[in-house]
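Structure first, commentary second.
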Amino acid sequence: MLVRFLSRAALPLGASFALLLAGCSGGGSDTIKVGEFASLTGKEATFGTSSHEGTLLAFEEINAAGGLLGKKLELITEDNQTKPGETANAVNKLIAKDGVVALLGEVASGRSLEAAPICQQSKIPMISPASTNPQVTQTGDYIFRVCFIDPFQGTVMANFATNTLKARKVAIFTDVKSDYSKGLAKYFKERFAANQGTIVAELDFNGGDKDFKGQLTAIKAAAPDGVFVPGYYTDVALICIQAKQLGLNVPLFGGDGWESQTLLEIGKEAVEGHYFSTHYAADAAGDKVTAFVAAYKKRFNGKVPDAMAALGYDSAFFLADGIKRAAAAEPAKIRDALAATTAFDAVTGQIAMNAQRDAVKSAVILQVKNGAFKYVETVKP
Ligand code: PHE
């Protein structure tokens, strides 16, 4: 599914689809074309919708301020429907047919890992807003991200379990279908062991499962002080509900994959009190955060931007900064400029690109309280 956008500042997201259906393309060589691939529909639709809205807002702001190098930026968006295989199709099309000079995407690590080899081979810079699995950028020197990586996130949550929750015995419940989940479980485990903690149970599920009671019963029997669930929100919400039904009354905690309003809508009181790490808190202090939250709310009907929205916005401005410093809309020059970024002031914090093209930056921990996400603490790298 294609959504084409060219500086239509006043239109809501649904209207961009309508424009496409009406056959409006808005292309032309007088623009700088940037591709975006996202899960706008399907199981992880809130990931793609949020990152897309953040990205769109950034493009609108850049174009309203005159664009780049005397041209407008054109965002060409493809929906991979959260389906394996669709990201490769989307990326091939954006590069071969649309001739984009750079690509923005994806949130989920598994889908970024599908896109990265294609971008690397085609020598088109790819910037993932939110994929935290280390392998994503290890694919090659054209692949970047504006978020931290899971060895850091796993360490943050292991230290949180040890120091804040005072947990000595933890169970881990991993989604074996997800590169993200498997990686985060591994890094958590390494640090928790280094903290002298004991992993009393390790159970698996498959993303999309509906019944987790067998594994949760085994977890309960191991009597942990807490359960680390490095999953995505749709599964996590059901896991929290079933854990509560089984009387597993210890803190559940996870990583950024928990972050979605849908977690609260499905999980309701079953997710209350639980914790996760993520990239930014909409209720934290800071001028850049405040301005972004206000602009996003104004643009998207009062909606509070989540981490994916903030990272989508940051990925677009990070690219724009690279194009400006490259002084040319050419993929190789943009790559070099992006790699040379030493300090970029983003909504989600100061970004320094390290030699692996990963952003070095802080994480925040949020808790579900009274049906909302509440800021708990910031953890520096
Ligand atoms: N970090 C997750 C991944 O790599 C994706 C994610 C990012 C989910 C931010 C929610 C918020 O798969």
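The values are calculated or read from the model by the stated rules, or taken from the named source; none is laboratory data. Since the structure is predicted, the reported quantities are computational estimates derived from the model, not experimental observations. All Cβ positions, glycine included, derive from the backbone under ideal geometry; neighbour counts span all protein chains shown.
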Per the list (1) in contact with a helix residue (DSSP H, G or I) (Cβ under 6 Å, 6 or more places away or on another chain); (2) within 15 Å of the ligand (Cβ to nearest atom); (3) under 30 Å from Thr174 (Cα atoms), residue check on Gln356 breaks on (2)
For the stretch 107-166, which positions are more than 9 Å from the ligand (Cβ to nearest atom), assigned to a helix (DSSP H, G or I) and among the charged types (D, E, K, R)? Glu114
Only residues that are over 24 Å from Gln138 (Cβ atoms), assigned to a helix (DSSP H, G or I) and away from the ligand (no atom under 16 Å from the Cβ): list them for the stretch 310-333, please. Phe317, Ala320, Ile323, Lys324, Arg325
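Surrounded by fewer than 23 Cβ atoms within 10 Å (Cβ to Cβ), of a type outside the set (Phe, Trp, Tyr) and modelled with pLDDT of 95 or more: does that describe Ala96? Talk me through it step by step, then tell me what you get.
On the way: surrounded by fewer than 23 Cβ atoms within 10 Å (Cβ to Cβ): yes; of a type outside the set (Phe, Trp, Tyr): yes; modelled with pLDDT of 95 or more: yes.
Yes, satisfied.
Per-residue answers, yes or no, for (1) of a type outside the set (Val, Ile, Thr); (2) within 16 Å of the ligand (Cβ to nearest atom); (3) outside the structural domain of Thr46 (by TED's automatic domain parsing):
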| residue | (1), (2), (3) |
| --- | --- |
| Tyr232 | yes, yes, yes |
| Val236 | no, yes, yes |
| Cys240 | yes, no, yes |
| Gln261 | yes, yes, yes |
| Ile266 | no, yes, yes |
| Ala270 | yes, no, yes |
| Ala291 | yes, no, no |
Could you run through the stretch 269-304 and say how many residues are hydrophobic (A, V, I, L, M, F, W, C), within 19 Å of Cys147 (Cβ to Cβ) and not in a loop (DSSP other than H, G, I, E, B)? 4
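Inside the stretch 161-171, can you point out the residues that are surrounded by fewer than 23 Cβ atoms within 10 Å (Cβ to Cβ) and among the hydrophobic types (A, V, I, L, M, F, W, C)?
Just the residues of the stretch 161-171 that are surrounded by fewer than 23 Cβ atoms within 10 Å (Cβ to Cβ), to begin with: 162-166, 168-169.
The one that is surrounded by fewer than 23 Cβ atoms within 10 Å (Cβ to Cβ) and among the hydrophobic types (A, V, I, L, M, F, W, C): Leu165.
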Of all residues being of a type in the set (D, E, K, R) and farther than 22 Å from Gly35 by Cα in the stretch 285-305, which is surrounded by the fewest Cβ atoms within 10 Å (Cβ to Cβ)? Just the residue, please. Asp287
Among the residues of the stretch 175-202, count how many are under 25 Å from the mean Cα position of the chain (by Cα), of a type in the set (A, V, I, L, M, F, W, C) and either modelled with pLDDT under 95 or not in a loop (DSSP other than H, G, I, E, B) (or both). 4
Being without any contact (Cβ under 8 Å) to a residue 40 or more places away in the chain and part of a helix (DSSP H, G or I) is the filter; apply it to the stretch 334-352 and report the residue that is surrounded by the most Cβ atoms within 10 Å (Cβ to Cβ). Ala337
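For the stretch 343-375, give me each residue that is in contact with a Ser or Thr (Cβ under 8 Å, 6 or more places away or on another chain) and farther than 16 Å from Gly154 by Cβ.
Step one: of the stretch 343-375, the residues in contact with a Ser or Thr (Cβ under 8 Å, 6 or more places away or on another chain) are 349, 351-353, 356-358, 361-366.
The answer is Gly349, Ile351, Ala352, Met353, Gln356, Arg357, Leu366.
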Name the residue that is nearest to the ligand (Cβ to nearest atom), counting only residues in the stretch 79-106 that are of a type in the set (Asp, Glu) and closer than 22 Å to Asp306 by Cβ. Glu106
